[in-house]
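J.: One structure follows; several queries about it will come next.
Laboratory data are not the source of any read-out in this text; all were calculated from the coordinates shown. If you're wondering where the values come from, they're calculated on a predicted model, not measured in any experiment. Glycine gets a Cβ as well: all are built from the backbone with ideal geometry, and neighbour counts include every protein chain shown.
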Amino acid sequence: MNCKGIQAVIDSASSRNPISGETQVHLNGCPDCRSYSDQTNSLRSLLSAQPRVQAPADFDFRLRARIARAQTEPASPFAFLENLLGRTFSMKQAAASLAALAVMAAGTTLYFNQSNQQTSGSLIASNTPVVVQPATQMALPVSPRTVDVQTSAPIVKVAVKSQLHAAAVKPAVLAQATNNEVFRVYDREKGHVSEISKGGVYYGAESSAQMARPASFGSF
Amino acid sequence: MATLTLSAGLRDAELETDSPVLAVEPSSEVPVEKMDDHSLLAATLTGDEAAFKELVRRYQNQITNYVYRMLDDYDRAVDLAQETFLRVYTSAERYQATYSFSTYIYRIAHNLAISELRQRKRRKLMQFPMFFSDKDSDEVEIEIEDQRQVLADDSMIAAQQREAVTKAIASLPEKYRAALVLCDIEEKSYEEISEVLDLPVGTVKSRINRARNLLKDKLKDYI
């Protein structure tokens with residue numbers, strides 16, 4: 001057996017499984033393996049000499065109390081979180097966490113509302129074409145009344161009217177859908193059909209408002 | 001005399017097996033001190049408090065010691081040892097007798113200790129996010145000074161040596177630590193360790209050797 005094999009035997013040796021005579025013969029003639037064996041045995045002795053800690057005297061008493069508590073306490077409403085995170089929560093901790101979550105949610109909502117308003121304003125001011133889904137890609141609703149509008153006016157914005165007023169833009173209403181209407185707009189510049197529904201307002205520049213006229217959708 | 005069947009899997013220890021269930025006949029005539037572990041657990045299921053108390057007596061020190069070596073925190077070790085017994089008590093009917101009771105209870109304790117170590121690691125990462133690291137090791141670098149020259153008293157030398165060994169064990173990566181503690185401190189066989197850690201015997205041997213080599217280096221002044 002080579003030195004690697006002997007060292008494996010030394011590693012596996014224990015009081016229940018002492019090293020064999022063959023290994024002992026090798027150790028007597030091999031200083032490296034002898035040193036390895038001595039170090040390993042010394043380390044084992046050091047480890048097995050470590051004092052063992054004892055459970056406290058009241059271990060059983062405390063355990064009984066814990067078992068009794070576990071049997072009488074109802075399951076925590078936060079059991080799923082406790083399982084997930086591997087710790088328990090008191091009612092106070094849970095309430096504090098929920099309050100913190102509520103504050104964060106409110107803050108996030110407020111932030112996004114303000115961001116949306118700013119975005120709307122900038123779109124209007126820069127006269128950016130409206131972003132609406134082309135009707136050709138949308139399933140047309142069946143029940144609402146449909147009105148077709150044809151215009152070549154540059155699209156300013158499809159938005160709620162108050163936002164336009166807030167942005168100091170004087171819009172001209174080209175078409176406005178009631179809650180029961182859907183209307184489609186053909187934009188000649190872009191060459192596509194857009195659909196607006198449920199109270200949406202289609203605005204164009206004031207000067208071109210007269211260019212809007214009802215038309216048959218099929219004639220586009 | 002009622003026959004009690006111990007069956008089902010172990011949720012906490014995550015032991016899965018298709019082996020047949022064991023039928024155990026608890027005997028009220030045999031004193032609890034002479035009953036084997038399986039019989040004690042079976043008796044516990046029938047409401048025999050003395051049987052459970054005997055199980056606790058047999059294993060409380062072993063489990064506390066094992067968890068202590070894993071965590072290096074006595075109070076938490078006692079707490080988790082109690083949690084281990086609580087789970088044994090409340091899940092007794094799910095005990096699968098394929099494994100020895102010793103393996104079963106060590107496995108629960110091991111899982112709790114590992115869970116605790118992971119929570120600590122998470123907490124530490126949350127406190128010091130700038131030290132996030134992808135290194136595949138939780139080994140802690142420690143400096144173990146040999147103070148034997150300056151310690152006059154033998155008992156002080158022994159105490160200092162114990163402390164050095166404790167620190168060295170605690171600094172090992174948890175996967176090596178568990179295998180080493182079970183082998184060289186708890187004196188479990190490779191097969192038992194393999195069952196507790198749910199690892200092949202070859203992996204257990206290699207982890208123990210790796211742990212010993214690390215310790216030889218850390219404790220070179222003492223061996």
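J.: Could you work out, residue by residue across B:211-219, how many beta carbons of other chains sit within 10 Å of that residue's beta carbon, and then give the average as an integer?
T.: Working: counts 1, 6, 4, 0, 3, 5, 0, 0, 5.
For peptide B:211-219, the averaged partner shielding equals 3.
J.: Return A:73, B:174, A:22 ranked ascending by Cβ neighbour count within 10 Å, so the fewest neighbours appear first. Numbers along the way, then the final one.
T.: On the way: A:73 8, B:174 16, A:22 11.
In order of increasing Cβ crowding within 10 Å: A:73, A:22, B:174.
J.: Could you work out the mean count of beta carbons from other protein chains within 10 Å of each residue's beta carbon in B:79-88? Provide the component values of the computation, followed by the final result.
T.: Details: counts 2, 0, 4, 9, 3, 1, 6, 5, 1, 0.
Partner-chain Cβ atoms within 10 Å, mean over residues of B:79-88: 3.
J.: Would you mind ranking B:190, B:106, B:176 so that the residue whose beta carbon has the fewest other beta carbons within 10 Å leads the list? Write down the numbers at each step before the final one.
T.: On the way: B:190 18, B:106 28, B:176 23.
Neighbour counts put them in this order, fewest first: B:190, B:176, B:106.
J.: A further question follows. Which of the residue pairs A:4/B:188; B:167/B:216; B:175/B:205; B:121/B:220; B:121/B:218 have a Cα-Cα distance greater than 18 Å in the structure shown?
T.: Numbers: A:4/B:188 24 Å; B:167/B:216 13 Å; B:175/B:205 12 Å; B:121/B:220 28 Å; B:121/B:218 23 Å.
Checking Cα-Cα distances, A:4/B:188; B:121/B:220; B:121/B:218 exceed 18 Å.
J.: Now a separate question. Mind ordering A:53-62, A:101-110, B:93-102 by average Cβ neighbours within 10 Å, highest first?
T.: Working: A:53-62: 14.8, A:101-110: 10.0, B:93-102: 18.5.
The densest-packed peptide leads the list: B:93-102, A:53-62, A:101-110.
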